[in-house]
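Beneath this line is the structure, given in structure tokens, with notes to follow.
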Amino acid sequence: MNLATDYLGLHLRSPIIPSAGPLTENLDNVKRMEDAGAAAIVFHSLFEEQLPHGQHDFFSQLDQGTESFAEPLPNIPYPQRFRIDPAQYLDHLRRAKASVQVPIIASLNGHTEAGWIDFAKQIQQTGVDGLELNIYSVPCDPNENSVENRD
């Protein structure tokens, strides 16, 4: 049976594509997925708040409105360092691309236009075959209703 398909302009031998997840954090797992029949592999996601400028933008918004409560709120923990930094992510993509024959698709989660475009260009330079982009919004303004926050 021929299961070949086209996805993101890539011709794949089958539609079996492991999605973004922690298995790709280990290069041996990436090779195992290829050996098990994966036709392409989507890497674990890097979030905009993991980028240096994104950390400030994201975490500064989380405190918005907290000064208007009489009772103390628990402090929101700000990570001093994420488990995987952007440079490690790029290096890992390069090593994975060189280690397997199937297409590698990076995954980036962003919430501002300026926050992810430059990093997407750096991802492109690693030689990966595609980029999954997830746009999201973290509502932080208690005075803004959900209709205003749909953009």
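The values are calculated or read from the model by the stated rules, or taken from the named source; none is laboratory data. What you see is a predicted model; the values in this text were computed from it and never measured. Don't worry about glycine lacking a Cβ; one is built from the backbone with ideal geometry, like all the others, and counts go over all protein chains shown.
Restricting to region 126-149, name every residue that is at pLDDT 85 or above and either exposed (fewer than 11 other Cβ atoms within 10 Å of the Cβ) or in a strand (DSSP E or B) (or both).
Of everything in region 126-149, those that are at pLDDT 85 or above and either exposed (fewer than 11 other Cβ atoms within 10 Å of the Cβ) or in a strand (DSSP E or B) (or both) turn out to be GLY130, LEU131, GLU132, LEU133, ASN134.
HIS44: surrounded by 12 or more Cβ atoms within 10 Å (Cβ to Cβ), at pLDDT below 95, within 30 Å of ASN143 (Cα to Cα) and not acidic (Asp, Glu), yes or no?
Spelling it out, it is not the case that HIS44 is surrounded by 12 or more Cβ atoms within 10 Å (Cβ to Cβ), at pLDDT below 95, within 30 Å of ASN143 (Cα to Cα) and not acidic (Asp, Glu).
From the list GLN55, GLN101, GLN88, which residue is modelled with pLDDT under 55 and either touching a helix residue (DSSP H, G or I) at 6+ places or on another chain (Cβ under 9 Å) or not β-branched (Val, Ile, Thr) (or both)?
On inspection, the qualifying residue turns out to be GLN55.
Consider ALA20 against the criteria (1) over 17 Å from LEU133 (Cβ atoms); (2) under 15 Å from the mean Cα position of the chain (by Cα); (3) not in a helix (DSSP H, G or I): it satisfies all of them except one. Which criterion is unmet?
Tallying (1) over 17 Å from LEU133 (Cβ atoms); (2) under 15 Å from the mean Cα position of the chain (by Cα); (3) not in a helix (DSSP H, G or I), ALA20 fails exactly one: (1).
Take region 95-119 and flag every residue that is loosely packed, with under 15 Cβ neighbours inside 10 Å and under 16 Å from the mean Cα position of the chain (by Cα). Spell out the reasoning first.
Of region 95-119, the ones loosely packed, with under 15 Cβ neighbours inside 10 Å are 95, 98-99, 101, 112-114, 117-118.
Listed by number, the residues that qualify are THR112, GLU113, ALA114, ILE117, ASP118.
Are there any pairs with C-beta distances below 9 angstrom linking a residue in region 86-99 that is of a type in the set (S, T, N, Q) to a residue that is in a helix (DSSP H, G or I), with the two at least 6 apart or on different chains, and if so which?
Close Cβ pairs satisfying both conditions: SER99/LEU27; SER99/VAL30; SER99/LYS31; SER99/GLU34.
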